[in-house]
Amino acid sequence: MDFWVGRQPIFDGQVVVQAYELLYRQGQQGLRSSDQGDQATAQTIVHSLLDLGLPSLTGGRRAYINFTREMLLGGYVELLPKDGVVVEILETVDVDDAVVGVCSELQRAGYCLALDDFTPGDARGPALLPLCELVKVDFVETSEEERAALARALRPSGHTLVAEKVETEQEFEWARANGFSLHQGFFFARPTTVQGRVNPTAKLSYVRLLSTLRQPVLDFDELERTVKSDVALSHKLLRMLNSAGFGWRRRIESVRHALVALGEEAIRKWLSLVCIASIAADRPQELVVQSLSRAWFLEQLGPHVGMGDRKTDLFFMGIVSLLGALLLRPMDEIVEQLTLAKDVERGLLGQDGRMGEALELARALENADWRAVPVICGDLSTDPGIVARLYVDAVRETSRILGAED
């Protein structure tokens, strides 16, 4: 049985990732657990998560996992590590003595419980609020006045408030100012404005270096001078390459050593990543994680969609696909500054073509849009089950490389 899992980061007030919500569906049609029977699906979820390894999916952070009534009563929570998960009680759960009893036992056992999509007058509140540490509030489904009222009512009782579906930085700032400690949504990747904003000189130099890395033939002497002229860039490259994730027998001692040890194609990839990390110095670090996950996924996807000879282009497209959010500029302006193949340009701009379909598939997986995944897989003539495994492998590899560096 195919098992698909996506993840969405949950940030603190400093935009540092504290946890991930794991979003799962079953089968090629992306069916919800209630579509095919909770008991069988719950067993699939839990065992699949155990097989995949929670730490590799979350980088060692907590995993928020949705639980229906049937899944709670089935005892599946206790198969998961109590220090590794947050049990999200869905808004569809009908609360009775059985549910309260299970939640009480989980709390006493040390599990962290959260009420999902909490609203004013929520019927779950009287019985379950005393048992839950976290309360998640949907910013799309509630008004500002309702959210403020919930914050005033819940904060004195010690509940941690989680803002869900935060779409803009203005909403994020409002949530942070009104007592919400954790935040979830797309705000980190959506610039508030692009007019009148000037990119710092250093960031422009990294964009120019990215363009250089896409030249047909690399001049290693010129590349070495460019990298060595930026002490911070040199340090990041050497620190990354000497991390446990690479496992060199000998330590990489210099930029020249790095260029020779890696070779042309590998240095394009990893120096591109270092450029993105440098550009993201004042932006949420999760953008770097997401960029590398996309790049790794798209590179591995290539042979499965008839683009095995374009793996480097696919990797690069993934790496630069979030430059708009990193630079707070429209992507069409950024594309003009990069040396890209025409189909990669079209893909980044959301235009027709297989490159664009591949990038759209990566986005669908990240957003757990399980209805879209099999449709795009059909367009690309690839198997959704294989794609799901490639995505999980990409998340794991990203955690390995970036986690080892930390």
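Take ARG124, ARG176 and order them by how many other Cβ atoms sit within 10 Å, fewest up front.
ARG176, ARG124
Helix-derived [θ] at 222 nm for the chain: sum -39500 (n - 2.57) over DSSP H runs of at least 4, divide by residue count, nearest 500?
Values: 21 runs with 211 residues, N = 406.
Helix-only estimate at 222 nm: -15500 deg cm²/dmol.
With r defined as the distance between the Cβ atoms of SER143 and HIS235 and R0 fixed at 60 Å, what FRET efficiency is calculated, to the nearest 0.05? If you can, show how the numbers build up before the last one.
On the way: r = 48 Å, r/R0 = 0.80.
Approximately 0.80, to the nearest 0.05.
Please count, across the chain, the pairs of lysine residues with Cα atoms under 25 Å apart that sit 8 or more places apart or on different chains.
Lysine pairs satisfying the spacing and distance rule in the chain number 13.
Given a 10 angstrom Cα cut-off, can you work out which residue in ALA175, ALA98, ALA258 is the most mobile in a GNM of the chain?
ALA98
Neighbour counts of other C-beta atoms within 10 Å: give me ASP12, ASP313, ASP352 arranged from fewest to most. Walk me through the numbers on the way to the answer.
Numbers: ASP12 13, ASP313 20, ASP352 10.
The order, fewest Cβ neighbours first, is ASP352, ASP12, ASP313.
When the chain is treated as a GNM, springs tying every alpha-carbon pair under 10 Å, which of VAL86, VAL137, VAL231 comes out with the largest mean-square fluctuation?
With Cα springs under 10 Å in the chain, the top fluctuation among VAL86, VAL137, VAL231 is at VAL231.
Most exposed first by the Cβ proxy, i.e. fewest other Cβ within 10 Å, how do VAL387, VAL260 rank? Could the numbers behind the result be given before it?
On the way: VAL387 26, VAL260 13.
The order, fewest Cβ neighbours first, is VAL260, VAL387.
Using packing as a proxy for protection, rank 64-71, 327-334 so that the peptide with the highest average count of other Cβ atoms within 10 Å comes first.
Averaged packing, sorted descending, gives the order 64-71, 327-334.
So what is the relative contact order of the chain, in percent, for Cα pairs below 8 Å that sit 6 or more residues apart? Display every interim value, and only then the final one.
Working: 617 pairs, mean separation 65.5, N = 406.
Relative contact order comes out at 16 percent.
Find the Cα radius of gyration of the chain, compare it with 2.2 N^0.38 Å by division, and give the number to two decimals.
1.04
Spin-label point model (7 Å from Cα, Cβ direction): what's the ALA261 to GLN14 distance in nm?
The two pseudo-label positions are separated by 3.1 nm.
Placing +1 on the Cβ of each Lys and Arg and -1 on the Cβ of each Asp and Glu in the chain, which of SER205, SER143, GLY125 has its Cα farthest towards the positive end of the resulting dipole?
Towards the positive end, the residue furthest out is SER205.
Within 14 Å, Cβ to Cβ, of SER381, how many net charges do the neighbouring residues add up to if Lys/Arg are +1 and Asp/Glu are -1?
Values: positive: ARG354; negative: GLU357, ASP379, ASP383.
Result for the neighbourhood of SER381: -2.
Test of understanding: in a Gaussian network model of the chain with alpha carbons linked when under 10 Å, which of VAL227, VAL373, VAL207 would top the mean-square fluctuation ranking?
Maximum among the listed residues: VAL227.
Between the range 262-295 and the range 152-190, how far is it from one alpha carbon centroid to the other, in angstrom?
Value for the Cα centre distance between the two parts: 28 Å.
Suppose every K and R has +1 on its Cβ and every D and E has -1 on its Cβ; what is the size of the dipole of the chain about the Cα centre, in Debye to the nearest 20?
Working: 43 positive and 58 negative charges, 318 e Å.
Roughly 1520 debye, rounded to the nearest 20.
No lab work stands behind these numbers, since they all come straight from the coordinates. If you're wondering where the values come from, they're calculated on a predicted model, not measured in any experiment. Cβ: placed from backbone, ideal geometry, glycine included. Neighbour counts: every protein chain shown.
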